[in-house]
Amino acid sequence: MSDDYIEPLMADIERLHQGKVAATSSGHGLVDLIVPGHHKANGLDLLAQRWGINHDQVLAFGDGGNDLEMLKQSGFSFAMGNAPERVKKAARYLAPTNNQQGCCR
């Protein structure tokens, strides 16, 4: 199945809900709905504040559109080898694919 419908679907969600919900792709043809501004980077920001560390000390792995903000913010950000190109561009480093156990062994 093609993921070509994901971008138009997310645009429709954004248009119909007018800032009350944000749509982001999470891979495998799925779309996450979140409260605007409450993405993974926001959660990591709260943890970094609690632990007294800087964003450049945070390590993050991601493979979907729902990881973009987190990867851009984290000092050690890795995109999985099977991630879409926009996710790879957001990360500082590239890990092997999920099928190659690029993040966990």
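What's the FRET efficiency of residue 33 with residue 85 using the Cβ-Cβ distance as r and R₀ = 25 Å, to the nearest 0.05?
0.55
Ordered by residue, what ³J(HN,Hα) values in Hz, to whole numbers, does segment 13-21 give under the Karplus form 6.51 cos²θ - 1.76 cosθ + 1.60, where θ = phi - 60° and Gly and Pro are x?
4, 4, 5, 6, 9, 6, x, 7, 8
Of the residues 88, 20, 72, which exhibits the maximal mean-square fluctuation in a Gaussian network model of the chain defined by a 10 Å Cα contact cut-off?
Its mean-square fluctuation being the largest, the pick is 20.
Kindly give the semi-axes, whole Å and largest first, of the ellipsoid equivalent to the chain, taking each as the square root of 5 times a Cα gyration tensor eigenvalue.
24, 20, 9
What ³J(HN,Hα) values, in whole Hz, does the Karplus curve 6.51 cos²θ - 1.76 cosθ + 1.60 give for segment 26-41 when θ = phi - 60°, with x put for Gly and Pro?
Once rounded to whole Hz, the list reads 10, x, 6, x, 9, 10, 8, 10, 10, 6, x, x, 10, 9, 4, 5.
Find the accessible area per residue for the chain; the probe is 1.4 Å, ligands and nucleic acids are left out, and the unit is Å².
Result: 65 Å² of accessible area for each residue.
Let me have the relative contact order for the chain, percent, based on Cα pairs under 8 Å that are six or more residues apart.
17
How much of the DSSP beta bridge set in the chain is antiparallel, as a percent to the nearest 5?
Expressed as a percentage, antiparallel bridges in the chain total about 40.
Show the residues, 5+ positions off or on another chain, whose built amide H is closer than 5 Å to the amide H of residue 95.
Those qualifying (amide H under 5 Å, at least 5 residues apart or on another chain) are 79, 80, 81.
Give the long-range amide H neighbours of residue 58: residues separated by 5 or more places, or on another chain, with amide H under 5 Å away, using H modelled in the peptide plane at 1.01 Å from N.
Distant-sequence amide H within range of residue 58: 75, 76.
Keeping the other protein chains in place, figure out the carbon and sulfur percent of the accessible area of the chain, with a 1.4 Å probe.
54
Summing -39500 (n - 2.57) over the DSSP H runs of n ≥ 4 in the chain and dividing by its residue number, what mean residue ellipticity at 222 nm do you reach, to the nearest 500 deg cm²/dmol?
-9500 deg cm²/dmol
If the cut-off is a Cα-Cα distance under 17 Å, which aspartates and glutamates reach residue 88, setting aside same-chain residues fewer than 8 apart in sequence?
Within reach: 63, 67, 69.
The values are calculated or read from the model by the stated rules, or taken from the named source; none is laboratory data. If you're wondering where the values come from, they're calculated on a predicted model, not measured in any experiment. Positions of Cβ are generated from backbone atoms using ideal geometry, with glycine treated the same way; all protein chains shown enter the neighbour counts. For the accessible areas, the whole protein counts, side chains as well, though only heavy atoms, and no ligand, DNA or RNA atoms are used. Shrake-Rupley method; radii C 1.70, N 1.55, O 1.52, S 1.80 Å.
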